[in-house]
Amino acid sequence: MKLAVAMVFLPSSARGLLRAGTSFARGARSWRTFASISEPEVDNRVPVTLLSGFLGTGKTTLLRHTLQNKQGLKVGTVVNDMAAVNVDAKLVRQDEEDFVELENGCMCCTMAEELFTSVGQLISVNEMRNPGTSYDHILIESSGISEPRAVRDNFQDAEAYGMGLLEQVRLDTLVTLVDCAAFLDAYESSQKIRDRPDLGDGGPNKESDSEAALAEQFGPGRQVLDLDAAVSGQRAVVDLLVEQVECADVVVLNKVDLVTPEQLDFVRTVVGALNPSASVVEAEFGAVNLEEVLGAAKAEGAANFGIVDEHKAAVTAAKQAAAAACAEPACTDPTHDHSHSHNHAAEEACAEPACTDPTHDH
């Protein structure tokens, strides 16, 4: 079943006005909530959790573990698998009937509209199969090279446009998986995404999703520029890695059993510096507690942020962390909380005539 979605997704370079409109819409909702604070609104929309991370970080393993331990919750799943052989989708399909596969493109750019169609399809099919019931949650596994900010922006744009689907679902929590064993190589890499197909589709010779789609639509020899796809391919590996960590409510440090304590401490330090406000969960084989990832942010974190909000939250969290940790006597940063203690026993016993310390009891 395919649902018609009356919406056109613009290139990221043309989204500035839409982002301002989204911020205004969120502000209006906040004012309405404040005005009716005596009767707080309950958001009954189905919460959506987005899983991001490079290919091989363990997204599908975590997804399957979560679905196999969902504690009676009804969970729908969407898997965006760009690999030539869609192993991720096949593994999840074995376990779940509430499942939609999004293939032949990346949900953050060329398949943005299809993502919403797929989520709408999940909800419609469930209503037909199980009248009167709804999902408790929807899990979306993104492709390895998906940009979480772009996916989040698409959700915000859809809500600003007034898309009906967003009256039924809301982006709730952004989760990023990090492969501790491969993190250092990716963090120090100078390569571009286009040079590392193993991070996104698992094959060195796979034709890009945009090229394949355009070749099918316009025939061989035709060239049409997809700005978002072209820009994404030119991004540095480390740049996308940093975005995936920064734009997250929860960062799962997976495969901790494959690194030394020193390496794990390094990963913790870098992740903490990139996103001080994120909840950090350590895991082996993607085994996490359900409440640590599924709707963990309660729609009060990265899903509602814009890039400016992210920056402000990061600066605030960094200042708080620095203030709490600072014990440098010579530090003069006024934002730091420098504790100043006295030996009061010595103060009480002070009988030095030349002492001018006003805290001493002379």
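The values are calculated or read from the model by the stated rules, or taken from the named source; none is laboratory data. What you see is a predicted model; the values in this text were computed from it and never measured. All Cβ positions, glycine included, derive from the backbone under ideal geometry; neighbour counts span all protein chains shown. Surface accessibility is based on the protein's heavy atoms, side chains included, excluding ligands, DNA and RNA. Shrake-Rupley method; radii C 1.70, N 1.55, O 1.52, S 1.80 Å.
Pick from region 64-84 the residues that are crowded, with 18+ Cβ neighbours inside 10 Å and closer than 18 Å to Pro197 by Cα: which of them is modelled with the lowest pLDDT?
It comes out as Ala83.
Within the set of pairs 6+ apart or on separate chains, which have a first residue in region 237-249 that is touching a residue at least 60 places away in the same chain (Cβ under 8 Å), a second that is aliphatic (A, V, I, L, M) and in a helix (DSSP H, G or I), and C-beta atoms under 7 Å apart?
Correct list of pairs: Leu240/Ile193; Leu241/Ala186; Val245/Val271; Val245/Leu274; Glu246/Leu274; Cys247/Ala302; Ala248/Ala302; Asp249/Ala302.
Among the listed residues Leu102, Leu55, identify the single one that is open to solvent by 30 Å² or more (accessible area, probe 1.4 Å) and at pLDDT 65 or above.
So the residue among Leu102, Leu55 that is open to solvent by 30 Å² or more (accessible area, probe 1.4 Å) and at pLDDT 65 or above is Leu55.
When you scan region 234-259, how many residues do you find that are surrounded by fewer than 18 Cβ atoms within 10 Å (Cβ to Cβ), out of contact with any strand residue (DSSP E or B) (no Cβ under 8 Å at 6 or more places or on another chain) and not β-branched (Val, Ile, Thr)?
The number of residues fulfilling the criteria is 3.
What number goes with the only condition from (1) of a type in the set (A, V, I, L, M, F, W, C); (2) more than 19 Å from the chain's Cα centre (by Cα); (3) part of a loop (DSSP other than H, G, I, E, B) that Leu122 does not pass?
Condition (3) is where Leu122 drops out.
Against the definition (surrounded by fewer than 21 Cβ atoms within 10 Å (Cβ to Cβ), within 17 Å of Ile145 (Cα to Cα) and modelled with pLDDT under 50), how does Lys192 come out, yes or no?
So Lys192 fails the test.
Which of the residues that make up region 125-149 are of a type in the set (S, T, N, Q) and either closer than 24 Å to Ala248 by Cα or not in a helix (DSSP H, G or I) (or both)?
Listed by number, the residues that qualify are Asn130, Thr133, Ser134, Ser142, Ser143, Ser146.
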